[in-house]
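Nothing in this text is a laboratory measurement; each read-out follows from the coordinates by a stated rule. Predicted model only: the values in this text are computed from it and were never measured. Glycine gets a Cβ as well: all are built from the backbone with ideal geometry, and neighbour counts include every protein chain shown.
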Amino acid sequence: MSFTVPELKYSLDALEPHIDAETMRIHHDKHHAAYVANLNKAIEGTDYAAWNLEALVRDWKELPSSIQTAVRNNGGGHYNHGFFWESIAPNAGGKPSGALAAAMEKELGGFDAFKAEFSKAAMGRFGSGWAWLSFDGKSRKLVIGSTANQDSPMAEGLTPLLGVDVWEHAYYLKYQNRRADYLEAFFNVIDWGKVEERFERVAG
Ligand code: MN
């Protein structure tokens, strides 16, 4: 099986002015496409070509060492970006509601505290990586953290609910070195309905 770049459910300029069309075009059509091409190249002709994406990303340590790094980076890149495109939308932002809002209130001290801690994780990730809101199935609690490069919380046994790409390619054209401004803008495009759906699937 060969992986393909998913089509965006909105136009490249739909997230303006928060995320600009040119960044979206290069990010989706070039960066994401490269992860997909390199993932396919790594697993082509191996037994692992039959694995689904989630298994490749979660269990990359079980792969032969010859393809571990390529799958970790490019499988993670493919998964994280597909996840990211679905986490954002035009006319979005605001705050979560329902069970997720209640869990955030109880475990993290509310939305504002969540936003502060999530932003801190994103600002504190040195170099390239992601900040995450995840669900820990063992403690049944929300967890905020970050990963380097294209690593996934799934490889740590967590279920990601929301992730923000803090690689410079995600924001440099519009925000240059101002990662904090990009993060503030990101909050205007979060599709909380999607994040709530993910939360309810694992925690409900
Ligand atoms: Mn990216």
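From least to most packed, judged by other beta carbons within 10 angstrom and beginning with the fewest, TRP60, TRP167 follow the order TRP167, TRP60.
Taking the square roots of 5 times each eigenvalue of the Cα gyration tensor of the chain, largest first, gives ellipsoid semi-axes of 26, 21, 15 Å. Over all projection directions, the Cα-based convex hull of the range 21-87 averages an area of 4.5 nm².
Please order ILE26, ILE144 by the number of other Cβ within 10 Å, starting at the fewest. Walk me through the numbers before you get to the answer.
On the way: ILE26 16, ILE144 19.
Least crowded to most crowded, the residues run ILE26, ILE144.
Taking the helices alone, the chain has a mean residue ellipticity at 222 nm of -13000 deg cm²/dmol, built from -39,500 (n - 2.57) per DSSP H run of at least 4 residues and averaged over all its residues. Here the relative contact order of the range 21-87, from alpha carbon pairs under 8 Å that lie six or more residues apart, stands at 41 percent. Look at where the Cα atoms of the range 1-18 and of the range 112-179 average out, and the two centres are 20 Å apart. Considering all alpha-carbon pairs of the range 98-203, what whole percent are spaced by more than 21 angstrom? Here the long-distance tail beyond 21 Å is 32 percent of all Cα pairs in the range 98-203. Listed by chain and number, the aspartates and glutamates whose alpha-carbon sits under 20 Å from that of LYS9, ignoring those within fewer than 8 places in the same chain, are ASP20, GLU22, ASP29, GLU86, ASP165, ASP191, GLU196, GLU197.
Taking the Cβ of each residue in PHE114, PHE126, PHE186, PHE3 as the centre, tally the other Cβ atoms inside 10 Å and list the residues starting with the fewest. Before the final figure, lay out the partial values.
On the way: PHE114 23, PHE126 9, PHE186 26, PHE3 20.
Ascending Cβ contact count within 10 Å gives the list PHE126, PHE3, PHE114, PHE186.
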